[in-house]
Amino acid sequence: MSANKVKVALIGAGGWGLQHARIFQSREDIDFCAIVGRNSEKTQARAAKFGVNAYTDIGDMLDKERPELVSLCLPNQNHFEATLKVIQDGYPLLVEKPLVFDLKEADTLLAEAAKRELFFAINFNHRYAKPVQLAYEAIRAGKLGELTLASWRFGGDGASDHAHANLIETQCHGFDMLEHLCGQVESVMAEMTDKTGGGLRTMSIALKFANGAVGSIIGTYDSSYAYPDTHRVELDGTGGRAVIHDTVKRYTYHPSGSELGETWEAGYFNDMDREFHRTFDKHMDDMLRAFREGRQPPIHASAGRRALQLAYAAIRSYETGRRVRVDEIE
């Protein structure tokens, strides 16, 4: 690694991969060298847009470019083989959520990375939204008192051939954020429905936290991201209530029993905190700082394994009709 720049390659030429490329090209501390994609024509066009080299073979790119950090942004169900290839070739990496869809695959990736002492980060970028950071600070400062209730609702439209796609690839953000804010979930109880015929796309999950609080996750692909408040997080405690609206739109806090509270919304010129995509820019700031300093990433890939474990606890609860302790899921 040079004193000034980290050489970075991107695997993935899709929609969210565009955000990876945007960030890598815009940063003066990154030498963005290559994009790998499955479709040659599409990859060539994306690479030309950002002035980097195009490849359709991961091994070929790694051999020729020798990046210092590899970022992977692939279709949700196609993460394992490409990620394992990068790890086994010994490259530090950032991956998109979900880590994988299978716990054994998650364990393989984490074990192989640990064996090589690799930097292994995952992009749970919701943590970097300003309202989420304000809620985190309020909880740590004791403004909410003892937490009693935490609810997450996130609903939009989506399609997949995996029966539990919404739960694993989208509500992973809910599992991660609620544990980030409130501590570990101890047990879950779940209801799900296939009412629209596209898999178990809509779910309601009751949570019991290790600290005694309770909570819920409501998620769906049978809604629309166009609706206001498509995402809402409420955190109640003995000292007050905090609410996160649409991830980046608004944060409110009310002391216990008070009609008078506090509200944060991005100001007129504050595009950085107003735009959802910029949560990734903020995560990248922290991640690259940790990488340069030889520290563990701010969000280790093990957080992806944890979210998947919670998802499988919910699946078992739905299938068995009982409350499931998370530690039952290996």
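The values are calculated or read from the model by the stated rules, or taken from the named source; none is laboratory data. Just so it is clear, the model here is predicted, and its values are computed rather than measured. Cβ sites come from the backbone with ideal geometry, for glycine too, and all protein chains shown count toward neighbours.
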Restricting to the stretch 59-100, name every residue that is surrounded by fewer than 20 Cβ atoms within 10 Å (Cβ to Cβ), of a type outside the set (Asp, Glu) and in a helix (DSSP H, G or I). Gly59, Lys64, Phe80, Ala82, Leu84, Lys85, Gln88
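If you scan the stretch 177-211, which residues turn out to be of a type in the set (Gly, Ala, Ser), in a loop (DSSP other than H, G, I, E, B) and more than 20 Å from Glu328 (Cβ to Cβ)? Please lay out each step first, then the result.
Start the filter on the stretch 177-211 by keeping residues that are of a type in the set (Gly, Ala, Ser), which leaves 183, 187, 190, 197-199, 204, 206, 210.
Among the residues that remain, those that are also in a loop (DSSP other than H, G, I, E, B) are: 183, 197-199, 210.
If the condition is that a residue be of a type in the set (Gly, Ala, Ser), in a loop (DSSP other than H, G, I, E, B) and more than 20 Å from Glu328 (Cβ to Cβ), then Gly197, Gly198, Gly199 are the ones that fit.
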Does Glu68 satisfy the criteria of being over 29 Å from Cys172 (Cβ atoms), over 22 Å from the mean Cα position of the chain (by Cα) and of a type in the set (Asp, Glu)? no
Give the stretch 9-36 a look and list any residue that's touching a Pro at 6+ places or on another chain (Cβ under 8 Å) and farther than 16 Å from Val95 by Cβ, or say none. Cys33, Ala34
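Which residue out of Glu179, Glu146, Glu105 is of a type in the set (D, E, K, R) and free of Cβ contacts under 8 Å to residues at least 60 places away in the same chain? Explain how you work it out, then say what you get.
Numbers: Glu179 fails: free of Cβ contacts under 8 Å to residues at least 60 places away in the same chain; Glu146 fails: free of Cβ contacts under 8 Å to residues at least 60 places away in the same chain.
Going through Glu179, Glu146, Glu105 in turn, just one is of a type in the set (D, E, K, R) and free of Cβ contacts under 8 Å to residues at least 60 places away in the same chain: Glu105.
How do the helices (runs of 4 or more DSSP H) wholly within the stretch 232-330 filter down when requiring 3 or more residues that are touching a Pro at 6+ places or on another chain (Cβ under 8 Å), closer than 30 Å to Gly15 by Cα and in contact (Cβ under 8 Å) with a residue 24 or more places away in the chain: which remain? First the steps, then the outcome.
Values: elements: 271-274, 278-292, 302-320.
Hits in the stretch 232-330: 278-292, 302-320.
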Within the stretch 108-135, restricting to residues that are free of Cβ contacts under 8 Å to residues at least 24 places away in the same chain and in a helix (DSSP H, G or I), the one that is surrounded by the most Cβ atoms within 10 Å (Cβ to Cβ) is Gln133
Could you grab me the full set of residues in the stretch 251-270 that are touching a Phe, Trp or Tyr at 6+ places or on another chain (Cβ under 7 Å) and within 10 Å of Leu134 (Cβ to Cβ)? Tyr251, Glu262, Trp264
Hey, Glu28 hits all of (1) part of a loop (DSSP other than H, G, I, E, B); (2) in contact with a helix residue (DSSP H, G or I) (Cβ under 9 Å, 6 or more places away or on another chain) but one; which does it fall short on? (2)
Scan the stretch 211-235 for residues that are surrounded by 12 or more Cβ atoms within 10 Å (Cβ to Cβ) and either among the polar types (S, T, N, Q) or outside the structural domain of Met189 (by TED's automatic domain parsing) (or both) and report the count. 5
Looking only at the stretch 162-210, which residues are surrounded by fewer than 24 Cβ atoms within 10 Å (Cβ to Cβ) and of a type in the set (Gly, Ala, Ser)? Ala163, Ala165, Gly183, Ser187, Gly197, Gly198, Gly199, Ser204, Ala206, Ala210
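Tell me which residues, restricted to the stretch 215-231, are touching a residue at least 12 places away in the same chain (Cβ under 8 Å) and among the aliphatic types (A, V, I, L, M). Show your work before the answer.
Looking only at the stretch 215-231, we keep the residues that are touching a residue at least 12 places away in the same chain (Cβ under 8 Å), and these are 215-225, 227-231.
Selection gives Ile217, Ile218.
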Taking first residues from the stretch 59-86 that are in the same structural domain as Gly15 (by TED's automatic domain parsing) and second residues anywhere that are charged (D, E, K, R) and part of a loop (DSSP other than H, G, I, E, B), the pairs with Cβ under 6 Å that are 6 or more apart or on different chains are Leu62/Asp89; Cys73/Glu96
